[in-house]
Amino acid sequence: MVEPIDTTMRLGRRSFLKGSGVAAAAATVAGTMAEEVAHGADAAPPSSGPGAVEITLSVDGKELKSSIEPRVTLLDALRDYLNVTAAKRVCDRGTCGACTVLIDGKSIYACSMLAIEAQGKKITTARGLMKGDELHPIQQIFWEKDASQCGFCTPGFVTACAAVLAKNPKATFEDMKRAVDGNICRCGTYEQMFQVFEQLTGKGA
Amino acid sequence: MKEIAYAAPRTVADAVAALKQANGNGKAFAGGTDILVQLREGTRNADVLVDLKKIPEMTEIRQLPSGDWQIGAATPCHRIESTVPFAEGYPGIIDGVHIIGGWQIKGRASLGGNLCTSSPAADSIPALIAHHAVVKIVGPDGSREVPVSEFCTGPGKNVLKPAELVASFVIPAMLPNSSGCYLRFIPRSEMDIAVVGCGTTLTVEKDTIKQARIALGAVAPKPVLAEEAAAWLIGKPATIESFEKAGEIARKAATPISDMRGPAEYRTHLVGVLVKRSLMTSLRRLRGERVDVLHDKLV
């Protein structure tokens, strides 16, 4: 029997982070961005940059704009410029899967894509899978099965699972395992994750 | 990562012009799964990234009237493996495409990127060589065609001249009674690099081998053909004994190094094993059997 986690406490921690350190960091970023806009203004077509350019990203149903240099990855743009922190930065080199987001429904490493390329595409993070404060069924099952320890890899696993189930609602247990080929959990919660896959594919209790 | 400009041309000609304008400091950019990591780590350098994904012909996969298939060099792997008529006709190429990385990598990584990175261990190259694939290269002086077997010249090196790019692959129509296979040996089944890779194609009529082609990865400075072994197979009965003997001969084409993935002697041994299994899988497939190389016990 899995001990239920106090949701108010979990959300409380997020609200706390949002309210303090992150807000301060965002203010600093906004300060430096004003200078980058001026620098990027001379950039002539057909190429953009290397200075900052206006970039609009559709993230979790919202249009977010910022001045971002072309070299900035989608992951860095989300976390450092747009204050969207559901995608985690772990390896930052396309190996661990913690930064997995959905791009037009397909799972992609946000660290291995430039923000400028992601314009015009629908970006969904693990946060965007939720309806308000209500967990997506995949997230709910991850929680019920206690399929995370430190939790840093979890948003990546959840989005990778969401991608395969959106493509094939009848995905098998093996399909689920393959869908998270590119995700690593260093705490080793695979046993519980297999229980999640069993439940998601109709094999679990 | 140092400062980089970004260009997103809509035509191959504009992409070549952008690379030429960058004067050696531009890099063609498809899936970015290699190059973004390399730029960040400083192992490669660029002032301009020329994104090829907005060029329609570079992201299309289609069958030509001749029966050949044309695959845009920047087409992501997931699109190649989900193009059913191609995937069913070329299971050997799909074997390689399928294990190029996890889902997230396959949504971005392309055949063109895999080829231009020119790793001796690249997973898509041996099967492309075994299928006689040819690349169309476009540059400031026009276009040219180069067989994939002649594209790589060493680790990370290839025949591309400044401002040239690989626009597309042409994969010849399969002959009747033919199929292919790519196998790699690695300690785990995903997100790893081949200790040895082996791509084969086989044509068999009435149990006699009519054509065979064997390409090896990760056993030389570039992917190589095992020509002597393939030539030996012609006219032989399509049996496991023939494939085993071909594997023995193919070992002579391997000149591997020893590294953290395995000593040279072990790699040479694996060549024999993989050639035999890959040819046997090609045979089973051309006889109509569906073989999932990741889950089948093989022979």
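Numbers for the structure displayed
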{"item": "Residue list for the stretch B:13-31, filter: within 11 Å of chain A (Cβ to nearest Cβ), open to solvent by less than 60 Å² (accessible area, probe 1.4 Å) and not aliphatic (A, V, I, L, M)", "result": "B:Gly26, B:Phe29, B:Gly31"}
{"item": "Scan of the stretch B:32-47 for residues that are within 17 Å of B:Ala74 (Cβ to Cβ) and more than 8 Å from every other protein chain (Cβ to nearest Cβ), ordered by number", "result": "B:Asp34, B:Ile35, B:Ala46"}
{"item": "Condition met for A:Arg178 (modelled with pLDDT under 90, in a helix (DSSP H, G or I) and either open to solvent by 20 Å² or more (accessible area, probe 1.4 Å) or in contact with a Leu (Cβ under 8 Å, 6 or more places away or on another chain) (or both))", "result": "yes"}
{"item": "Entirely in the stretch B:221-299, the helices (runs of 4 or more DSSP H) that have 2 or more residues that are among the polar types (S, T, N, Q)", "result": "B:264-286"}
{"item": "Some residue of the stretch B:280-287 being exposed (fewer than 15 other Cβ atoms within 10 Å of the Cβ), modelled with pLDDT of 95 or more and not β-branched (Val, Ile, Thr)", "result": "yes"}
{"item": "For B:Gly217: the one exception among (1) more than 14 Å from chain A (Cβ to nearest Cβ); (2) surrounded by fewer than 20 Cβ atoms within 10 Å (Cβ to Cβ); (3) within 16 Å of the chain's Cα centre (by Cα); (4) not charged (D, E, K, R)", "result": "(2)"}
{"item": "Residues being outside any strand (DSSP E or B), more than 7 Å from chain B (Cβ to nearest Cβ) and in contact (Cβ under 8 Å) with a residue 40 or more places away in the chain - total across the stretch A:100-119", "result": "4"}
{"item": "Residue list for the stretch B:158-184, restricted to those being outside any loop (DSSP other than H, G, I, E, B), touching a residue at least 60 places away in the same chain (Cβ under 8 Å) and open to solvent by 20 Å² or more (accessible area, probe 1.4 Å)", "result": "B:Val170, B:Ser178, B:Arg184"}
{"item": "Among the residues listed as B:Gly113, B:Gly92, B:Gly96, B:Gly101, the single one being in contact (Cβ under 8 Å) with a residue 40 or more places away in the chain, open to solvent by less than 10 Å² (accessible area, probe 1.4 Å), in the same structural domain as B:Trp69 (by TED's automatic domain parsing) and out of contact with any strand residue (DSSP E or B) (no Cβ under 7 Å at 6 or more places or on another chain)", "result": "B:Gly101"}
{"item": "Filter result (more than 14 Å from chain A (Cβ to nearest Cβ) and aliphatic (A, V, I, L, M)) within the stretch B:98-114", "result": "B:Leu111"}
{"item": "Residues that are hydroxyl-bearing (Ser, Thr, Tyr) and either within 14 Å of another protein chain (Cβ to nearest Cβ) or assigned to a helix (DSSP H, G or I) (or both), drawn from the stretch B:51-74", "result": "B:Thr59"}
{"item": "Residue among B:Ala212, B:Ala238, B:Ala220, B:Ala264 that alone is closer than 29 Å to B:Lys157 by Cβ, of a type in the set (Gly, Ala, Ser) and touching a strand residue (DSSP E or B) at 6+ places or on another chain (Cβ under 9 Å)", "result": "B:Ala212"}
{"item": "Scope the stretch A:128-155; condition touching a residue at least 60 places away in the same chain (Cβ under 8 Å), over 20 Å from A:Gly61 (Cβ atoms), part of a helix (DSSP H, G or I) and not aromatic (Phe, Trp, Tyr); matching residues", "result": "A:Glu144"}
{"item": "Any hit, the stretch A:185-196, residues being within 14 Å of chain B (Cβ to nearest Cβ), in a loop (DSSP other than H, G, I, E, B) and surrounded by 15 or more Cβ atoms within 10 Å (Cβ to Cβ)", "result": "yes"}
{"item": "Filter result (among the β-branched types (Val, Ile, Thr), crowded, with 20+ Cβ neighbours inside 10 Å and in a loop (DSSP other than H, G, I, E, B)) within the stretch B:32-48", "result": "B:Thr33"}
{"item": "Identity of the residue in the stretch A:136-154, within 19 Å of A:Glu198 (Cα to Cα) and within 15 Å of the chain's Cα centre (by Cα), that ends up most open to solvent (accessible area, probe 1.4 Å)", "result": "A:His136"}
{"item": "In the stretch B:116-127, the residues that are open to solvent by less than 10 Å² (accessible area, probe 1.4 Å) and assigned to a helix (DSSP H, G or I)", "result": "B:Ile125, B:Pro126, B:Ala127"}
{"item": "Residues of the stretch B:189-206 satisfying the condition of being closer than 23 Å to B:Asn158 by Cβ, open to solvent by 10 Å² or more (accessible area, probe 1.4 Å) and modelled with pLDDT of 95 or more", "result": "B:Thr201"}
{"item": "Any hit, the stretch B:4-12, residues being more than 7 Å from every other protein chain (Cβ to nearest Cβ) and assigned to a helix (DSSP H, G or I)", "result": "yes"}
{"item": "Matching residues in the stretch A:75-99 - criterion: being among the hydrophobic types (A, V, I, L, M, F, W, C) and facing chain B (nearest Cβ under 10 Å)", "result": "A:Cys91, A:Cys96, A:Cys99"}
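Residue by residue, here is whether (1) aliphatic (A, V, I, L, M); (2) under 12 Å from B:Leu279 (Cα atoms); (3) surrounded by 15 or more Cβ atoms within 10 Å (Cβ to Cβ) holds:
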| position | (1), (2), (3) |
| --- | --- |
| B:Thr208 | no, no, no |
| B:Leu225 | yes, no, yes |
| B:Ala238 | yes, yes, yes |
| B:Glu244 | no, yes, yes |
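The values are calculated or read from the model by the stated rules, or taken from the named source; none is laboratory data. Being a predicted model, the structure only gives us computed values, none of them experimental. Please note: Cβ atoms are built from the backbone with ideal geometry, for glycine as well, and neighbour counts cover all protein chains shown. The protein model used for the area step is the full one, side chains on, heavy atoms only, and it has no ligands, DNA or RNA in it. Shrake-Rupley method; radii C 1.70, N 1.55, O 1.52, S 1.80 Å.
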